[in-house]
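Working notes, beginning with the structure itself.
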Amino acid sequence: MSPRNSGKLRSAAHRGQAEGAIGWIVLSVLAVLIILPLGSVLLQIVSPGFFGNTEKADGMSLLFEVFEKPLWYKALGNSMSLGIWTTFFGTVFGAFLANFRVKWEFKTAKLLDIAAWILMIMPSFIIAQGWVYFASGNGIARSWLHWNNINSLVFSFPGLVFIMVLNKFPFAYVTIKAALEWKPERLSLAARMNGASPWEEWKTVQAPLCIPAYCSAAILIFMDTIGDFGLPAAISGVYRFPTLPYAIYTALYSSPIRLDMAGVLSFYLVLIIIAAMIVQYRIIGKKRYDFFDTGTVKAVPVRPAFGVGIILDFLGAFLAFITLFVPLGSTVVMSFSDSISVANFSFTLKNYEKVIVDSKELLNGLEHSLMIAFAAAIIGLVLGFFVSYVLNYSDFVLKRVIDVLSLVALAVPGVVLGIGYIFVWNQRWIESVGLKMYGTPRIIVLASVAAAIPGITRVLTGGMAKIPRPILFAARLSGAGLITRIR
């Protein structure tokens, strides 16, 4: 090897260390955002009362009480059942829509995209509230549409799964759609030339290459489902269906407060996440899924035949209506009612008058929310990008730990993470060194970033998986620095 080429390799190896440095930085940031607050809550298992909780108990013995206490055991089983069924149907439904969206052009495609993104960012309790207004005994469906059986259908386990699927499928839709926007044209043409039908070509070429996207979508839906407090709790107000987040809530807001119980239940949530991650790794294995090369082309949707096009137009409009406009429309209707019962509906603007005119909290709250959301969005996007970059293109030895940490915050209920942030940042010695966070907007920004990282990371990871690492390695050999390769 010539000295010139040897120098290039040494220079490339030196620049390759930048990915390792990014890995350590990312791991450190995630440790502050997730490990410290969650660890402080889990510490209640082995050391109840460590943060001033007056209840004392043998923490380790609580680990096995989940199988003895009826509420805990039922909550664990309900969360697992709800998570598995919602993940299966949500992933299948989202993948079905994503494939149709990428392949076919129809008039309501943008409407479907907008509905999916709104559902992803909309707090689930708002969607749940709309469904309660629509399907309750004195709700819109029964009082105005005379659908007398809608109450028993929605407020049941199958009904809860149905609503959860309508609320969670956008995770699969957006993630899989991002992976399908580029396709390996050469492989597809080779399959068709060898007699493969469109279905066989999709099954043998496109679907296997999109396994990382399918797995990312499934695990996103699963963890968001088992960690969702708002939607199951709202539906459970009509019929009893306790979940782990609900059990954690009762532990935190019972008298006396049982932080040790909340820690144990949070521990089991983390174990469930780890089990789901192991299943994901087993499915993906060590195979390669990148296909971005000179034979890859951007997928361009085409207009189908007239009859199929009309069906797709109707399907897009119907899905946007049932997933978004039914729950939100029901909420809007109730906002103009002077009664909690639609059967006694009488139009009024007094509700808005009380909120907008009589109260000054709306504008203040809106200003604070926008400032926090903007800061969290910028920080979360930058951090999520580098997390995905490390997971896809780095040989960082602890990148599996980063992968797990990037998903943990999705399954842990916000109330648990919030308690952890109070434990960590409400310490006198922290204020003494000038790092006062508790009681300031900064702590809310940090918590918001931690909650947003899982979604950002999985969406970006699914898209990055199609770009092969040799392309970046070739760029390194050609003298491209880290910033150039990322750009």
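The values are calculated or read from the model by the stated rules, or taken from the named source; none is laboratory data. All values derive from a computational prediction rather than experimental measurement. Ideal geometry is used to build each Cβ from the backbone, glycine not excepted, and the neighbour counts take in all protein chains shown. Just the protein is used for accessible areas: all its heavy atoms, side chains included, with ligands, DNA and RNA removed. Shrake-Rupley method; radii C 1.70, N 1.55, O 1.52, S 1.80 Å.
A few points about this structure:
- Selection count where residues are in contact (Cβ under 8 Å) with a residue 24 or more places away in the chain and exposed (fewer than 12 other Cβ atoms within 10 Å of the Cβ), scope region 423-440: 0
- If only residues of region 375-403 that are open to solvent by less than 40 Å² (accessible area, probe 1.4 Å) and aliphatic (A, V, I, L, M) are counted, the one that is farthest from SER28 (Cα to Cα) is ALA375.
- Complete set of residues in region 167-181 that are among the hydrophobic types (A, V, I, L, M, F, W, C) and either farther than 22 Å from GLY316 by Cα or touching a Gly at 6+ places or on another chain (Cβ under 9 Å) (or both): PHE169, PHE171, ALA172, VAL174, ILE176, ALA178, ALA179
- LEU209 being closer than 30 Å to ALA275 by Cβ and open to solvent by less than 20 Å² (accessible area, probe 1.4 Å): no
- PRO184 being farther than 12 Å from ALA95 by Cα and in contact (Cβ under 8 Å) with a residue 40 or more places away in the chain: yes
- Only a single criterion out of (1) aromatic (Phe, Trp, Tyr); (2) open to solvent by less than 50 Å² (accessible area, probe 1.4 Å); (3) modelled with pLDDT under 85 is not satisfied by PHE134, namely (3).
- For region 1-116, the helices (runs of 4 or more DSSP H) that sit wholly inside it and include 2 or more residues that are modelled with pLDDT under 70 and among the β-branched types (Val, Ile, Thr) are 36-46.
- Checked against the criterion of being within 21 Å of LEU315 (Cβ to Cβ) and either open to solvent by 20 Å² or more (accessible area, probe 1.4 Å) or among the polar types (S, T, N, Q) (or both), the candidates PHE125, PHE96 yield just one match: PHE96.
- Against the list (1) hydroxyl-bearing (Ser, Thr, Tyr); (2) at pLDDT below 85; (3) open to solvent by 20 Å² or more (accessible area, probe 1.4 Å), the condition TYR214 fails is (2).
- Residue in region 159-167 that is crowded, with 17+ Cβ neighbours inside 10 Å, touching a helix residue (DSSP H, G or I) at 6+ places or on another chain (Cβ under 6 Å) and more than 30 Å from ILE456 (Cβ to Cβ) present: yes
- Residue satisfying all of: in region 156-171; under 10 Å from the mean Cα position of the chain (by Cα) and of a type outside the set (Phe, Trp, Tyr); farthest from ILE84 (Cα to Cα) among these: PRO170
- Residue within region 448-467 that is within 30 Å of LEU82 (Cα to Cα) and open to solvent by 60 Å² or more (accessible area, probe 1.4 Å) present: no
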